Amino acid sequence: MASTVEVLADAFKAAGTPFIVGHPGGESVELMEAARERDMRFILMKQEVAGAMLAATWGDLTGAPGVCLSTRGPGAANMVNGLAHALLDRSPLIAITDRYSTAQHEVGLRQKIDQIALMAPVVKWGTTIDASVVRTQVARAMRTSTALAPGPVQFDMPQSETKKQAGDLVAPPPLLPDVGFADPDRAGLKRLVARIDSARKPIILAGLGTLWNHGADALVKLAEQLGAPVLTTSKVKGAIPEDHPLRAGCIIGGLIERKLVSESDLIITVGLDSVELQPKPWPYTIPVISLINTPALDALVPSEFEVMGNLATLMTILSEDCAPGTGWGEAAAATFRTDVSNALNTPSNGLSPQRAMEVARAVLPRDTIATCDAGASRLLVVQKWQSYGAREFLTSNGLGSMGYAIPGALAARLAYPDRPVVAFTGDGGFMMAVAELQTAVREKLPITVVVLDDEEIGLIRVKQEIKGIKRYGVGIGGVDWESLARGFGAEGVTVTSENQLQDALLQARHTEQVTVIAAKIDGSGYVEQFNALREL
């Protein structure tokens, strides 16, 4: 008969996740052994939060919940930020926290915190593993983490339960049942079709829900039928290839996109999750039609119609039943792209972050997967880097956490071992995940990390300047990037010009080693760029 940890390991592997990631504790070793016996990989991370972010990104890319673990007490507390990322960035994740055996837990104090209560605000569901019902618990966890909107669940795993015989079920529930929406009655969509046909200048705003139904191709088909320009959130960047003439750009949450949206006479939101938007009142009085696959309960986007269903199916039907559009979208999208590019092309002394992105895009292969950290440079990366497929651009947007780019890149490399992966990060975000360079080297996960080094926490310096506050407390600087990289067994190079960056990226393309490219950039244009694009 199977033990608790054997049931867990079998379930994770059967669901499509052949590894566990994290920093273990004494109570984890039985689960790790069960994974080893099943030829599953264990990836030792140096920080629990990075492990959770890696596992969450695996969930994004594959649909199978990533699995991370931590020891009790300090390890669990340190993992909280990674779970918050999975919750707000809608990533399927199962997080396992060690716990004393039940008797010890009831009387002990050392390293004891209520981990279920600690995690409750940042998970969809938390439970304490019990061997007698573990099969039901793991089935519920799989369904909860993948149900729309996806997110994390937590297992608190007492030492006393790990090797107990797991209880049997007469009819075990399937781990990931085939759940779908029934195809809609086309007659029931006639009012929606008529409303769309009455618009002369529709615009599409696409969010995360588009990807949950694998709706990228249908999104492009609908945009082409309507001749509508498309703005996407940063998580959906690439769902419409960014060399498509109807691709306008990414939603910034600021002034520059309002000009484009305000020219339209109908906003069609597709899978738009309000967690992806800036926390501001909806700025438009233009009518809104919402196509969605899970009810919108926040009332932040006022929609005239809200139609719920499988978005790939809905968009396919609409693209077939709606009349061809007026064709306003290509010119409008091109104008917006030009306006954004001009706003970002501020003068600089030396290598600018915007030119660094343009050089990187010109050098790296079309199928490169890019990850992006939070910070001042994120605005430039999101707008200047181009992606050509869904989930080829990965970032923390709902939480907006620093320290994401490197663990996100490791997940991409695990999911797509034959594709190039580049991580764009500021010096501040890099330092938060620097230890995972050793993970990348040890686990033979070659990625290229481009550190945009402006020697400061640039976004906070921008806010200080905009508010008329002197620069204070934001300096970094003084990092010997090449020695740092080589100390972890990676290649390291520092560049100060476009030609040097180009050469370094070309060299990294032809190596199977982890490479750190420190690009010394001039961030003096950030304030002007933020003022042009987005209110702070």
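No lab work stands behind these numbers, since they all come straight from the coordinates. These numbers were taken from a predicted model, which means no experiment stands behind them. Counting neighbours? That spans all protein chains shown, and the Cβs are built from the backbone with ideal geometry, glycine included.
Could you compute the FRET efficiency for Ala299 and Asp418, with r as their C-beta to C-beta distance and R0 at 45 Å, rounded to 0.05?
0.50
Helical runs (DSSP H, four residues minimum) scored at -39500 (n - 2.57) apiece and divided by the length of the chain put the mean residue ellipticity at 222 nm at -11500 deg cm²/dmol. Among the trypsin sites (Lys or Arg not before Pro) in region 225-295, none is located in a DSSP loop while being surrounded by at most 13 other Cβ atoms within 10 Å of its own Cβ.
Just want the answer: with Cβ charges of +1 for Lys and Arg and -1 for Asp and Glu, which residue in Ser483, Gln278, Gln154 is farthest toward the dipole's positive end in the chain? Toward the positive end, the furthest listed residue is Gln278. With θ taken as phi - 60° and the Karplus curve 6.51 cos²θ - 1.76 cosθ + 1.60 applied, the whole-hertz 3J(HN,Hα) list for region 134-144 is 4, 5, 5, 4, 6, 5, 5, 4, 4, 5, 5 Hz, x standing for glycine and proline. Under 5 Å between amide hydrogens, which residues at least 5 positions from Gly325 or on another chain qualify, with H placed 1.01 Å from N in the peptide plane? Excluding prolines and chain starts, which carry no amide H, the hits are Leu226, Gly227. With a simple spin-label model that places each label point 7 Å from the Cα along the Cα-to-Cβ direction, the separation between Arg471 and Asp503 comes to 2.9 nm.
Straight-distance candidates among the aspartates and glutamates for linking to Lys201, with alpha-carbon spacing under 16 Å and chain neighbours fewer than 8 residues away dropped: Glu224, Glu257, Glu263, Asp265, Glu330.
Close amide H pairs (under 5 Å, H built 1.01 Å from N) link Arg72 with Asp98, residues at least 5 positions away or on another chain. Amide H to amide H distances under 5 Å link Trp125 with Gln154, where only residues 5 or more positions off or on other chains count and H is placed in the peptide plane. Most simply put, the chain has about 5% antiparallel DSSP beta bridges, counting only bridges with both residues inside it.
Here the label points at Leu169 and Val193, each 7 Å from Cα along the C-beta direction, are separated by 4.2 nm in the simple model. Centroid-to-centroid, using Cα positions, region 204-231 and region 1-52 are 37 Å apart. Coupling constants for region 209-214 follow from the phi torsions by the Karplus curve (6.51 cos²θ - 1.76 cosθ + 1.60, θ = phi - 60°), and in residue order they are x, 4, 7, 5, 10, 6 Hz; glycine and proline get x. Considering only Tyr388, Gly403, Ala343, whose Cα is most displaced toward the positive end of the charge dipole of the chain, charges sitting on Cβ of Lys, Arg (+1) and Asp, Glu (-1)? The residue sitting farthest along the positive end of the dipole is Ala343. The computed Cα extents along the principal axes in Å for the structure shown corresponds, within [x] 65, 57, 50; [y] 67, 64, 44; [z] 80, 57, 44, to [y]. Quick one: net charge of Gln115's neighbours, Cβ under 14 Å, K/R +1, D/E -1? So the surrounding residues net to -2. Modelled this way, with points 7 Å down the Cα-to-C-beta line, the labels at Arg366 and Asp178 are 3.3 nm from one another. Taking all Cα pairs closer than 8 Å and separated by 6 or more residues, the relative contact order of the chain comes to 13 percent. Annotation note: trypsin sites (Lys or Arg not before Pro) in region 419-464 located in DSSP loop regions with a Cβ neighbour count of at most 14 within 10 Å are Lys444. Looking at region 388-536 alone, DSSP beta bridges between its own residues are antiparallel in about 5 percent of cases.
Couplings 3J(HN,Hα) of region 64-75, computed from phi: 8, x, x, 10, 10, 9, 8, 6, 6, x, x, x Hz, in residue order, whole Hz [Karplus 6.51 cos²θ - 1.76 cosθ + 1.60, θ = phi - 60°; x for Gly and Pro].
When each of Asp89, Asp265, Asp185 is scored by the number of other beta-carbon atoms lying within 10 Å, the sequence from fewest to most is Asp185, Asp265, Asp89. Straight-distance candidates among the lysines for linking to Lys124, with alpha-carbon spacing under 29 Å and chain neighbours fewer than 8 residues away dropped: Lys13, Lys46, Lys112, Lys163, Lys164, Lys235, Lys237, Lys280.
Quick check on region 186-336: take the gyration tensor over C-alpha atoms, sort the square-rooted eigenvalues as a ≥ b ≥ c, and tell me if it's rounded (a/c under 1.5), prolate or oblate. Here region 186-336 falls in the rounded category. Net charge within 13 Å of Val441 by Cβ-Cβ distance, Lys/Arg positive one each and Asp/Glu negative one each, not counting Val441 itself? Every neighbour counted, the sum reads +1.
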